[in-house]
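*Asks:* This is the structure I want to talk about, given as structure tokens.
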Amino acid sequence: MPRTLDSQITLEKTPSYFVTREAPRRIASMSPNTKLIVVVRNPVTRAISDYTQTLSKKPDIPTFEELAFQNQSQGLVDTSWNAIRIGMYILHLEYWLQYFRLSQIHFVSGERLITDPAGELGRVQDFLGLKRIITDKHFYFNRTKGFPCLKKPESSSQPRCLGKSKGRTHVQIDREVIEQLRDFYRPFNIKFYEMVGQDFRWD
């Protein structure tokens, strides 16, 4: 990490940190007072999105159902599949809490980041001890992508939108499969809500 003055905040983003076993220990040994920001979304939607992205790169992979279940008729979910395991947020959080206080971790709702980006980023700014500078005027909704884009109100530069790999249409998954996965994730979600003191309303 670059050297940072007391008046500065250095940010670094790596999506896999939250689910990488060695990350909490390594980060804590480097800087135990680090503040952590984790974007979470409905784990069922997240798994389907994960699969959709993989499918675009490897079109010959098995179906979502084949990967998600050890035995679908019995509702036996395959937790060894990364796309499923990542959404079991409470399991990852419990490990991080061995190295960091809960007050050092801020959870951003992926759903609200789309519907109310300024509100979510306002809470992030509060968490970081920053003045709320980013507001509604910094966003516009891109209907093609289905996501908000960041604009700079004072400048004429092009707005920043998510890249080509984001916002693609998800693979259609059978309703029954979605319900089975909702049932599977529900106890994990409830424990996660209780731990972080926030109901993300994923049911």
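*Asks:* Of Leu150, Val77, Trp96, which is farthest towards the positive pole of the chain's charge dipole, taken about the Cα centre with +1 and -1 on the beta-carbons of Lys, Arg and Asp, Glu respectively?
*Replies:* Looking along the dipole axis, the top candidate is Leu150.
*Asks:* Taking only protein heavy atoms and a 1.4 Å probe, what accessible area per residue, in Å², does segment 1-155 have with all protein chains in place?
*Replies:* Numbers: 9620 Å² over 155 residues.
Accessible area per residue: 62 Å².
*Asks:* Further question: Give the average over all directions of the projected area of the C-alpha convex hull of segment 1-77, one decimal, in nm². Mind dumping the intermediate values first?
*Replies:* On the way: hull surface 31.4 nm².
Its average projected convex-hull area is 7.8 nm².
*Asks:* Okay, helix-only estimate at 222 nm for the chain: each DSSP H run of n ≥ 4 adds -39500 (n - 2.57), divide by all residues, round to 500 deg cm²/dmol; what do you get?
*Replies:* -11500 deg cm²/dmol
*Asks:* Expressed as a whole percentage, what fraction of the accessible surface of the chain belongs to carbon and sulfur atoms when a 1.4 Å probe is rolled over the protein heavy atoms? The partial results should precede the final answer.
*Replies:* Details: 6730 of 13070 Å².
Carbon-and-sulfur percentage of accessible area, whole number: 52.
*Asks:* Give me the dipole magnitude in Debye, nearest 20, for segment 49-149 about the Cα centre, with unit charges on the beta carbon: positive for Lys and Arg, negative for Asp and Glu. If you can, show how the numbers build up before the last one.
*Replies:* Working: 11 positive and 11 negative charges, 114 e Å.
It comes to approximately 540 debye.
*Asks:* Say each of Arg101 and Thr34 gets a label point 7 Å from the Cα, pointing the same way as Cα to Cβ; how far apart are those two points in nm?
*Replies:* Going by the 7 Å Cα→Cβ label model, 1.8 nm.
*Asks:* Normalise the Debye intensity by I(0) for the chain, one equal point scatterer per Cα, no solvent, then take log10 at q = 0.12, 0.13, 0.15, 0.18 Å⁻¹ and round to two decimals.
*Replies:* With no solvent term, the Cα-only Debye profile gives -0.74, -0.87, -1.13, -1.45.
*Asks:* Okay, next question. What is the set of long-range amide H partners of Val171 at a cut-off below 5 Å, with H atoms built 1.01 Å from backbone N?
*Replies:* For Val171, the qualifying residues are Thr52.
*Asks:* Thr4 to Asp60: FRET efficiency via 1/(1 + (r/R0)^6), r the Cβ-Cβ distance, R0 45 Å, to the nearest 0.05?
*Replies:* Values: r = 46 Å, r/R0 = 1.02.
Computed FRET efficiency for Thr4 and Asp60: 0.50.
*Asks:* Taking θ = phi - 60°, what integer Hz values does the Karplus form 6.51 cos²θ - 1.76 cosθ + 1.60 yield along segment 80-92, in sequence order, with x for Gly and Pro?
*Replies:* 7, 6, 3, 4, 7, 4, 4, x, 8, 4, 4, 5, 5
The values are calculated or read from the model by the stated rules, or taken from the named source; none is laboratory data. Small disclaimer: the values here were computed from a predicted structure and weren't measured. Neighbour counts run over all protein chains shown; Cβ positions are idealised from the backbone, glycine included. All accessible areas refer to the heavy atoms of the entire protein, side chains included, with ligands and DNA or RNA removed. Shrake-Rupley method; radii C 1.70, N 1.55, O 1.52, S 1.80 Å.
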